[in-house]
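Below: the structure, in C-alpha cells.
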C-alpha cells in the first residue's frame, strides 16, 4: 500500500517540494527580468516545473514504464504522462507565438527591454 | 532592493501555501485508474503503450483539441509575421556561404536517417515509446535540416497550411467514424471484441495523420521565423 502513493516516496515530501522550487524560480524570473525574451523563457521554466510535478505524481521506485510486455506487473501511472504531452505541445506553441511577438516588438520599437518599450509615448496611450 | 525582498517574501508565502496543500494529496490521488488501465487497457484499445491508449482512445477528445491548438498557433504565427513592406525584402536568415561545408555534408548523411527514425516512431507508436506528436517533431526536425543543405529552397507556406487543415479535418473524420459502428463519438471504430491487430489499424492511421499534421505545423512555424531574420 505504501508504494501506491508514489508522491510520498517513503514518507517524504521532498520531490514535489523540489519541483515546486523550479516553478518559483520561474515566477521570480518572470517578475524581475528586464528583457522580454527572458520573460518568455521564465514561462518555459514554470512549464518545466509543472511537468516535473505531474510526472512525480504517479511515479514510484521500481515502477516500469507504462508499456505492457511479458512480465510487467507494476507500472507507473500513465494518465499524468498522457496529460503532459498536451502541456508540452501547448507550451511549445505558446513559446513560438510569444517569440514571434517579441520579433514584432523589436522591429516596431527597436528594443526588447521592458523599460524602454514601456517608456515610449505611443505605448502609454 | 526592497522590491526584490518583497518579491522573495511573497514567493515564500506561495511556497508555504503549496507545502500545506499537498499534505491533502493522499486523499485526492489514488491508483484506481492505474489499475484499471493495467488490467483492461491493452484489451480494450489494442495498444500495448498505455499512454497511446489514453491519448487515442480514452481521452481522444483532449487530443483533438490539442492538435487544434497547434493549428491555431500556426495560424497566429503566420498572421503576426505578415509584413507590411514588400515581401521580397524578407530574406531567409541562413546564408549558404557562411554554413560550413562539413556541416552540409554531414546533414546530407543524417537527413534520411532522421526521416526514417521519425516514421518509425510514428508508426510504432502503439507498441513502443512514441506516437504522432513525438514522431511528427522528429520528422519536422529532419525537414528543417534541408534548409542547411539547400538554402535557396523555396517553400509555399500557403500550400503547407492548406494541407495541414485538410489533415486536421481527416483526423476529426477518422475519430468520428465510431458513431457508425459503436454509436459513440471519438473512440476506436472497430468493435470492442475485435482483435488487437484490427484495432492497431485505427491506432496507426490516427498516429500517422497526427504525425503529418504536427510535422507540417512545426515546419510552418520554422519558415515563419526564418523569414523574420532581416
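Report yes if residue A:66 is in contact with a strand residue (DSSP E or B) (Cβ under 7 Å, 6 or more places away or on another chain), facing another protein chain (nearest Cβ under 8 Å) and at pLDDT 85 or above, otherwise no. So residue A:66 passes the test. Looking at this structure, is residue B:159 within 14 Å of another protein chain (Cβ to nearest Cβ) and closer than 30 Å to residue A:106 by Cβ? No. Scan region B:36-50 and give yes if some residue there is at pLDDT below 90, touching a helix residue (DSSP H, G or I) at 6+ places or on another chain (Cβ under 7 Å), within 9 Å of chain A (Cβ to nearest Cβ) and over 18 Å from residue B:206 (Cβ atoms), otherwise no. Within region B:36-50 (the criterion being at pLDDT below 90, touching a helix residue (DSSP H, G or I) at 6+ places or on another chain (Cβ under 7 Å), within 9 Å of chain A (Cβ to nearest Cβ) and over 18 Å from residue B:206 (Cβ atoms)), the answer is yes, since at least one residue qualifies. Out of curiosity, is residue B:173 more than 18 Å from the chain's Cα centre (by Cα), away from every other protein chain (no Cβ under 14 Å) and surrounded by fewer than 18 Cβ atoms within 10 Å (Cβ to Cβ)? When the stated conditions are applied, residue B:173 passes them. Remark: residue B:68 matches the filter, which requires a residue to be modelled with pLDDT of 90 or more, more than 8 Å from every other protein chain (Cβ to nearest Cβ) and closer than 30 Å to residue B:223 by Cβ.
The values are calculated or read from the model by the stated rules, or taken from the named source; none is laboratory data. The shown structure was predicted, so the numbers you read here are calculated from the model rather than taken from an experiment. Cβ atoms come from the backbone with ideal geometry, glycine included; neighbour counts cover every protein chain shown.
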